[in-house]
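Down below is the structure, laid out as structure tokens.
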Amino acid sequence: MLLGRRDECAVLDALLAAARVGRSGALVLRGVPGIGKTALLEYAIRSASGLKVVRAVGIESERELPFAALHQLCAPILGRLDRLPGPQRDALAITFGLSSGSAPDRFLVSLAVLNLLSEAAEERPLLCVVDDARWLDRASSQVLGFVARRLLAESVVILFGARQPGEDFRGLRELVVRGLPDGDASRLLSSVLTWPLDERVREQIVAETRGNPLALLELPNGLSPAQLAGGFGLPAALSLEGRIEEHFLQRLEALPKDTQRLVLLAAAEPGGDLGLVLRAGNRLGIIRPTLAPAVRTGLLDVGARVRFRHPLVRSAVYRAAPPDQRREVHRALAEATPPEVDPDRRAWHLAEATAGRDENVAAELDRAAGRAQARGGLAAAAAFLERAVRLTPELDRRARRALAAGQAKHQAGAHDAALALLAEAEAGPLDQLAHARVDLLRGQVAFAVRLGSDAPPLLLRAAKRLEPLDIALARDTYLEAMSAGQLAGQLAQAGGLLEVATAVRAAPTPAGPARPVDLLLDGLATWFTDGPANGAPLVKRALRAFRGVDIGSEDALRWLAFASRIAGDGPWDFEAYEALVSRHIQLVRQAGALSQLPLALVARIHAHVFAGELAAAASLSEECEAVTEATRIQLPRYGALAVAAWRGLEAETLELIDATIEQVVPHGQGLGVTATKWAAAVLYNGLGRYEDARAAAEQAGRPPLAMGWAHWALVELIEATARIGERKVAAAILDALTQTT
């Protein structure tokens, strides 16, 4: 019975009707716990005549298992996997464990899911229902948000139920589900009462529940007429959610003890595997396990799987159990899970069953992290490693694992957690090399989070500390500091390009043949200390080495972005620029390193711009923005800015300039400021406003430290000064520019 939901049902009916005639749609049902989101989703399912329905439910304990919710949703339609293009088919097969291979590109997985849903809708329209979206694992959330924003005419409807939709669902249409009007709330309350209710008490209940349907249905159960005569009979300090959970627990306590233990097992096993729950029950000594009493009281449903009446039931049951009981059921679940079937979930249950420190379980988690990382599940790997730290008894091993967990958290984008783990690693007995690695990771986190001026000095300090310990790693870190210094640009306060370059020139030279990284580092250090004329030949040699040597994928992913940027930014080697950018994008997609894709795409966009291929650049800019939105990477819209400036779109360019300045200045991203000045100079030269163009170009930077947008701004400065008759000034700037070639 859906009282007071006529308007909400009409919205859902319209979406389903549109799907039947070939139009897609997405909607987020947003509201507090118990407000009726699940009931409305069930209404949509019941109303979906002529549509195929697939569904998933977010589960708290599966948040760290990558693509768990996505697998729930897609499992019924995986028979159409062979209809996808080869790369997309392979990416999805690897993601769901149907085949082996390197971790797929998250963007490719998203496209594969979009096309899989489209293929499924070819037979008949498709309704996808995702409830309790706040507990979705991050990988599934990103993919589903990406897909929902790109539905057009696929006859697909996606409905999400969420308390508060996260960033991944930003921009989707929302329907806020509110409490029922008083009249409907009163009628709903009457539907569950079997005795007359005092009108004042009825008004009190309606007012205190604020029309929350689940509260209205659940709170009166188990209370006598005498209790209802005095109100709820519950402490006033309990929140609405707490009061709802309290009544679920009252029902649980009325069940037989063995059934209570089975319900707790089901709450701890989020997959709803009935066979696993019953096997675990046997291990707890439950001879004839039965969930029938829990079904009769309305706590859960039992079919092929165990499904709780409401997510609050699961959380109430699990949270109310004493820690020793939770550990007991997790151990039973671990023992009942065959290690060859699901070793990762078994390891997780073992960890939750362990009260103290246990090296054997920590080692299991370590191995689970390796498997997760091989599947592209960086967040899961980080969670396993973090839990392993908590279980490791030996102090020095715990510190090393904390450092490894911090690195995994950083790679997964959980930078605050990474810093917390670094603090834990520093508290343990680390050798000098490990301490230096802590400094390095701290600088890398700062660089990843802000791309600003605080990262270069941290990386420079780490590089100096690494010099006597690991010269190769030290030089790698110097190059990272140089990359960070370039992005800090004119806003660098310490650890700027000249300071890093000077330190490199003073550092010892490693023995053995020079790596491409070494050649690039030495070339740039010479460029910034002795000028472009001396540095450019060395940099070009390094770029040839990057193009000609088959460096490992990990090294390539780490350095190709910077090398390709230098090719276009420094010695004007656009042949190398094209080759390195193309190779970098290919490797990023193959490795699933989605966090690196936006910068690679920005480089490719500028290659299109300089070739006059503005339509291709604009198309790639849209892809870049889709990736940054899906990953929540805080990268300014450099691609869109370049395209708008070269097209002479004044209003759009100036709006992008203002947005970029607002984004980059607080973090000290000086290169972003330079980018806006270059774009303004391009725009104004194109519009014939040469004084404005000169003013903008002059603020972009000058040799010897100028690179990239600052270099390109010199071209605009020559144009502007020549146009306004300052030919001697223009000739002097041309001489300076020529030194870089």
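Some values worked out for this structure:
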{"item": "Matching option when the condition is over 30 Å from residue 663 (Cβ atoms), open to solvent by less than 50 Å² (accessible area, probe 1.4 Å), among the aromatic types (Phe, Trp, Tyr) and assigned to a helix (DSSP H, G or I), among 447, 384", "result": "384"}
{"item": "Members of the stretch 393-435 found to be of a type in the set (S, T, N, Q) and either over 26 Å from the mean Cα position of the chain (by Cα) or surrounded by fewer than 18 Cβ atoms within 10 Å (Cβ to Cβ) (or both), listed by number", "result": "432"}
{"item": "Residue within the stretch 562-571 that is surrounded by fewer than 21 Cβ atoms within 10 Å (Cβ to Cβ) and modelled with pLDDT of 80 or more present", "result": "no"}
{"item": "Members of the stretch 537-560 that are at pLDDT 80 or above and under 20 Å from residue 597 (Cα atoms)", "result": "546, 547, 559, 560"}
{"item": "Cross-chain or 6+ apart pairs with Cβ under 8 Å, the stretch 343-367 first and touching a residue at least 12 places away in the same chain (Cβ under 8 Å) and among the hydroxyl-bearing types (Ser, Thr, Tyr), then assigned to a helix (DSSP H, G or I) and open to solvent by less than 10 Å² (accessible area, probe 1.4 Å)", "result": "354/391"}
{"item": "Those residues of the stretch 572-588 which are closer than 17 Å to residue 517 by Cβ and modelled with pLDDT under 80, in sequence order", "result": "587"}
{"item": "Qualifying positions in the stretch 612-629 - open to solvent by 60 Å² or more (accessible area, probe 1.4 Å) and either among the polar types (S, T, N, Q) or within 23 Å of residue 170 (Cβ to Cβ) (or both)", "result": "619, 622"}
{"item": "Output for the stretch 727-741, where each listed residue is charged (D, E, K, R) and either under 25 Å from residue 568 (Cα atoms) or surrounded by 16 or more Cβ atoms within 10 Å (Cβ to Cβ) (or both)", "result": "735"}
{"item": "1 or more residues charged (D, E, K, R), within 24 Å of residue 600 (Cα to Cα) and modelled with pLDDT under 85: qualifying helices (runs of 4 or more DSSP H) within the stretch 613-729", "result": "614-631"}
{"item": "Condition met for residue 341 (closer than 16 Å to residue 274 by Cβ, among the aliphatic types (A, V, I, L, M) and either modelled with pLDDT under 85 or surrounded by 15 or more Cβ atoms within 10 Å (Cβ to Cβ) (or both))", "result": "yes"}
{"item": "Index of the failed condition, residue 644 passing every other in (1) within 25 Å of residue 455 (Cβ to Cβ); (2) touching a Leu at 6+ places or on another chain (Cβ under 8 Å); (3) not basic (Lys, Arg)", "result": "(1)"}
{"item": "Those residues of the stretch 27-52 which are assigned to a helix (DSSP H, G or I) and touching a residue at least 60 places away in the same chain (Cβ under 8 Å), in sequence order", "result": "37, 38, 39, 40, 41, 44, 45"}
{"item": "Residue list for the stretch 706-740, filter: β-branched (Val, Ile, Thr) and out of contact with any Pro (no Cβ under 7 Å at 6 or more places or on another chain)", "result": "715, 718, 721, 724, 729, 733, 738"}
{"item": "Residue check, residue 94 surrounded by fewer than 22 Cβ atoms within 10 Å (Cβ to Cβ) and out of contact with any helix residue (DSSP H, G or I) (no Cβ under 7 Å at 6 or more places or on another chain)", "result": "yes"}
{"item": "Residue count, the stretch 150-170 (criterion: within 19 Å of residue 20 (Cα to Cα) and either of a type in the set (Phe, Trp, Tyr) or part of a strand (DSSP E or B) (or both))", "result": "4"}
{"item": "Filtered residue count, the stretch 5-49, keeping only those that are open to solvent by 50 Å² or more (accessible area, probe 1.4 Å) and in contact with a helix residue (DSSP H, G or I) (Cβ under 6 Å, 6 or more places away or on another chain)", "result": "0"}
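For every residue, the table says whether it meets (1) open to solvent by 60 Å² or more (accessible area, probe 1.4 Å); (2) under 18 Å from residue 308 (Cβ atoms); (3) at pLDDT below 85; (4) touching a helix residue (DSSP H, G or I) at 6+ places or on another chain (Cβ under 9 Å).
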| position | (1), (2), (3), (4) |
| --- | --- |
| 177 | no, no, no, yes |
| 194 | yes, no, yes, no |
| 229 | yes, no, yes, yes |
| 258 | yes, no, no, yes |
| 265 | no, yes, no, yes |
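The values are calculated or read from the model by the stated rules, or taken from the named source; none is laboratory data. Since we're looking at a predicted model, the values are computed, not measured. Cβ atoms come from the backbone with ideal geometry, glycine included; neighbour counts cover every protein chain shown. Heavy atoms of the whole protein, side chains included, go into the accessibility calculation; ligands, DNA and RNA do not. Shrake-Rupley method; radii C 1.70, N 1.55, O 1.52, S 1.80 Å.
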